[in-house]
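**Q** Once you've had a glance at the structure underneath, I'll fire off some questions.
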């Protein structure tokens, strides 16, 4: 009976502490929205004010040629749309297809810290065909005969790797002196 109670307590603890699930390709999925979500609250070591953090995020978006969709310096909110190219196996053996993965980045700045959310991942095939759609989908929206499962899995794997680069670049751009994750609510 004690073992059973301990097991139930352990499972309850695990369930309460896991906020995000992972897909097979290593992409974090929000339990709330069921969408891929990279998010973190980060403390800026140099204790920069909200305005400076916002300006650094704005410069980062411009340097990466991201399309800025929301600029609210007063409230410290910047939203932009980014993308990167992907190459993956197509339906014909030995042939590769090309496309883009698009995503949305929102940076919320406060004095001494900021929060980023990267979400809304979507694949668009080259030349307007072979759109895989939302990366949360198990199989590509356009079907397995247009974008096979192997190609779809590679797109997701490449996205996970690229997001590490994007996040690292974002963090270095906002706080060149370094920063530390904050384990508290925003």
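The values are calculated or read from the model by the stated rules, or taken from the named source; none is laboratory data. Remember, it's a predicted structure, so these values are computed and weren't measured experimentally. Using ideal geometry, Cβ is built from the backbone for each residue, glycine included, and neighbour counts are taken over all protein chains shown.
**Q** Given the conditions (1) surrounded by fewer than 17 Cβ atoms within 10 Å (Cβ to Cβ); (2) under 21 Å from residue 29 (Cα atoms), and given that residue 151 satisfies all but one, which numbered condition is not satisfied?
**A** With respect to (1) surrounded by fewer than 17 Cβ atoms within 10 Å (Cβ to Cβ); (2) under 21 Å from residue 29 (Cα atoms), residue 151 is out only on (1).
**Q** Let me ask another. It is to be established whether one or more residues within the range 26-35 are part of a helix (DSSP H, G or I), surrounded by 12 or more Cβ atoms within 10 Å (Cβ to Cβ), modelled with pLDDT of 95 or more and within 20 Å of the chain's Cα centre (by Cα). Walk me through it before giving the result.
**A** Taking the range 26-35 first, the residues part of a helix (DSSP H, G or I) are none.
Within the range 26-35, not a single residue is part of a helix (DSSP H, G or I), surrounded by 12 or more Cβ atoms within 10 Å (Cβ to Cβ), modelled with pLDDT of 95 or more and within 20 Å of the chain's Cα centre (by Cα).
**Q** Identify, by number, the condition in (1) buried (at least 16 other Cβ atoms within 10 Å of the Cβ); (2) under 20 Å from the mean Cα position of the chain (by Cα); (3) more than 25 Å from residue 77 (Cα to Cα) that residue 137 doesn't meet.
**A** Result: residue 137 passes all but (1).
**Q** What do you reckon, is residue 111 in contact (Cβ under 8 Å) with a residue 12 or more places away in the chain, in contact with a helix residue (DSSP H, G or I) (Cβ under 7 Å, 6 or more places away or on another chain) and farther than 30 Å from residue 174 by Cα?
**A** Numbers: in contact (Cβ under 8 Å) with a residue 12 or more places away in the chain: yes; in contact with a helix residue (DSSP H, G or I) (Cβ under 7 Å, 6 or more places away or on another chain): yes; farther than 30 Å from residue 174 by Cα: no.
The answer is no for residue 111.
**Q** Please tell me if residue 166 is surrounded by 13 or more Cβ atoms within 10 Å (Cβ to Cβ), in contact with a strand residue (DSSP E or B) (Cβ under 6 Å, 6 or more places away or on another chain) and either modelled with pLDDT of 95 or more or under 28 Å from residue 54 (Cβ atoms) (or both). Show your work before the answer.
**A** Details: surrounded by 13 or more Cβ atoms within 10 Å (Cβ to Cβ): yes; in contact with a strand residue (DSSP E or B) (Cβ under 6 Å, 6 or more places away or on another chain): no; either modelled with pLDDT of 95 or more or under 28 Å from residue 54 (Cβ atoms) (or both): yes.
Spelling it out, it is not the case that residue 166 is surrounded by 13 or more Cβ atoms within 10 Å (Cβ to Cβ), in contact with a strand residue (DSSP E or B) (Cβ under 6 Å, 6 or more places away or on another chain) and either modelled with pLDDT of 95 or more or under 28 Å from residue 54 (Cβ atoms) (or both).
**Q** Can you name every residue in the range 36-47 that is within 13 Å of residue 114 (Cβ to Cβ) and either without any contact (Cβ under 8 Å) to a residue 12 or more places away in the chain or assigned to a loop (DSSP other than H, G, I, E, B) (or both)? Lay out the reasoning, then the answer.
**A** Taking the range 36-47 as the starting set, the residues that turn out to be within 13 Å of residue 114 (Cβ to Cβ) are 39-47.
Listed by number, the residues that qualify are 45, 46, 47.
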